[in-house]
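Below: the structure, in structure tokens.
The values are calculated or read from the model by the stated rules, or taken from the named source; none is laboratory data. Not measured: the values here are computed from a predicted model. As a convention, Cβ positions derive from the backbone with ideal geometry for all residues, glycine included, and neighbour counts pool all protein chains shown. Quick note on the areas: whole protein, heavy atoms, side chains included, nothing else; ligands and nucleic acids left out. Shrake-Rupley method; radii C 1.70, N 1.55, O 1.52, S 1.80 Å.
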Amino acid sequence: MESYEFLLVLALILFFTKICGLMTEKVNLPQVLGALVAGMILGPSGFGLIQETDFLMTASEIGVIMLMFSAGLGTDIRELKTAGGPACLVAAMGVIFPIIFCGGLYFLFFEDSFTYINFIKAIFVGVVFSATSVSITVETLSEMGKIKSKVGTIIIGAAIIDDVIGIMVLSIISGLSEGACGNPFMVLVKIAGFFVFVAVVGIIVNMLFRKLDDYHGKSKRVAVWALAYCFLMSYVAEKYFGIADITGAYFAGLTLCNITKTRDFVGEKISIVSYLFFSPVFFAGIGINTNITGLTPHSFLFAWILFGVAVLTKVIGCGGGAKICKMSNQQALGIGIGMISRGEVALMVAQKGLMLNMVTPEVFPALVLAVVGTVFITPVLLNKVMKNYNDEKLLC
């Protein structure tokens, strides 16, 4: 007999994410935090009403892809070019600091001798916390109407860059670890090839959509084709270049962001679908995946300290990079906080480490707890720092 239980699951997610979202909004917190809390309540760490399924994983993945596509559509190319230098520096600092300090903390807690393999394990844990999950920040800034601000643009640019840097480091470490079969040189070639591919395809697609914009700029078929292009870029990025699918989705949106009628119309349609279904499922899914069973007292203590270090390394590293570029204290703090959140990429890296025996079963749940902690705290801190933010001229 065919099961219709997924309909009940969706009803619970949509109902509770909206209720919790309204409650957090009442206390001047972003609705996205309410969606995360709803997932925690419904998942194994709460009442256990909902378990992770292939359907929820797929819907969540579509949700984050559409969110990043919307972010790409809403990006101001001129601002991104202006922010290019600061974004690169912020990204680099945001990768180096977590690798050193998060990896170092792991070494102090779980390793008693300095050997080659222990060193690689420590770096691997650091890599887990190197890549920023910008989706939480994007949603929070969107709610506040500051996604197109200089701070928002730099955060998105830096998150894209540190995702690529993190993948490069991950691939190299995987290649150096025991039992890994990765070829670091080929990974670097693939990453370079991805950007060449994005540039070539982006120019062609941009030209095609400009032609469509003249006659069908606000036609439903254009929105369908744009979304198809988004999914295709996500697939190609992940399948053939080893780049996160959300990166492909962002660049798909970036390709269309300077075509006025198409950008506005497609962005409006995507936002409606995302708001009604995919975004609630995605953010609730993060909470549902938070299962703290299996934590020992030692690993629980490690998780909390690691959470604090993970927060500080992004605030100090990324914020410090922004200060080097002569940004104001509020801008630097906003950028540092906006880069705190880790999510799906970090969890995938942790899972990869578990498969390669670079992360032990004792350490894995601690990593998950620390990652989820960064997801929860980012919108709270970002809301407080950016609430009264006004753009100032970039000096770098």
>> Output wanted: per-residue J couplings in Hz (rounded whole) for the stretch 14-26, from phi through Karplus 6.51 cos²θ - 1.76 cosθ + 1.60, θ = phi - 60°, x for Gly and Pro.
In response: 5, 5, 6, 5, 6, 4, 5, x, 5, 5, 5, 5, 4
>> As I understand it, the dipole of the chain uses +1 on the Cβ of Lys and Arg and -1 on the Cβ of Asp and Glu, about the Cα centre. Which of 58, 266, 47 lies farthest toward its positive end?
In response: 266
>> Rounded to the nearest angstrom and ordered from largest down, what semi-axes does the equivalent ellipsoid of the stretch 94-177 get from its C-alpha gyration tensor (root of 5λ)?
In response: 32, 13, 8
> Which FRET efficiency, nearest 0.05, do residue 301 and residue 220 yield, Cβ-Cβ r, R0 45 Å?
Replying inline: 0.25
> According to the Cα gyration tensor, what semi-axes, each the square root of 5 times an eigenvalue, does the equivalent ellipsoid of the stretch 88-143 have, listed from largest to smallest in whole Å?
Replying inline: 29, 11, 8
> If you place +1 on the Cβ of every Lys and Arg, -1 on the Cβ of every Asp and Glu, and leave all else neutral, what size is the dipole of the chain about its Cα centre, to the nearest 20 Debye?
Replying inline: 1260
> How much solvent-accessible surface does residue 54 expose, in Å² to the nearest 10, with a 1.4 Å probe and all protein chains in place?
Replying inline: 120
> Which entries of 121/326; 352/387; 18/148; 314/384 show an alpha-carbon separation above 27 angstrom in the structure shown?
Replying inline: 121/326; 352/387
>> Given 4 °C and 1.567 mPa s, compute D for the chain with the Stokes-Einstein relation, Rh being the Kirkwood radius over Cα pairs; round to the nearest whole µm²/s.
In response: 61
> What net charge do the residues around residue 30 carry, taking every other residue with its C-beta under 13 Å from that of residue 30, with Lys and Arg at +1 and Asp and Glu at -1?
Replying inline: +1
> With each run of n ≥ 4 DSSP H residues scored as -39500 (n - 2.57), what mean residue ellipticity at 222 nm is computed for the chain after dividing by its residue count and rounding to the nearest 500 deg cm²/dmol?
Replying inline: -26000 deg cm²/dmol
> In the stretch 193-246, with Lys and Arg counted as +1 and Asp and Glu as -1 at Cβ, which of these residues, 219, 208, 234, has the Cα nearest the positive end of the dipole, that is, farthest along it?
Replying inline: 219
> When you count, for each residue, the other Cβ atoms within 10 Å and take the mean per peptide, how do 252-263, 230-241, 125-136, 310-321 rank with the highest first?
Replying inline: 125-136, 310-321, 252-263, 230-241
> residue 377: net charge of surrounding residues, Cβ under 14 Å, Lys/Arg +1, Asp/Glu -1, itself excluded?
Replying inline: +3
>> Could you work out what % of the accessible surface of the chain is carbon and sulfur, using a 1.4 angstrom probe and leaving DNA, RNA and ligands out of the count?
In response: 69
> Taking Rh as the Kirkwood radius computed over C-alpha pairs, what is the Stokes-Einstein D of the stretch 299-341 at 20 °C in a medium of viscosity 1.002 mPa s, expressed in µm² per second?
Replying inline: 203
>> Please list 89, 33 from largest to smallest accessible area, probe radius 1.4 Å, with all protein chains kept in place.
In response: 89, 33
> Top to bottom by accessible area (1.4 Å), largest first, where do 279, 142 land?
Replying inline: 142, 279
>> Suppose all protein chains stay in the model; what accessible area per residue would a 1.4 Å probe give for the stretch 247-338, in Å²?
In response: 38
>> Taking the full set of protein chains and a 1.4 angstrom probe, give the accessible area of residue 211 in square angstrom, rounded to the nearest 10.
In response: 140
>> How charged is the neighbourhood of residue 262? Take every other residue with its Cβ under 9 Å from the Cβ of residue 262, and add Lys/Arg as +1 and Asp/Glu as -1.
In response: +2
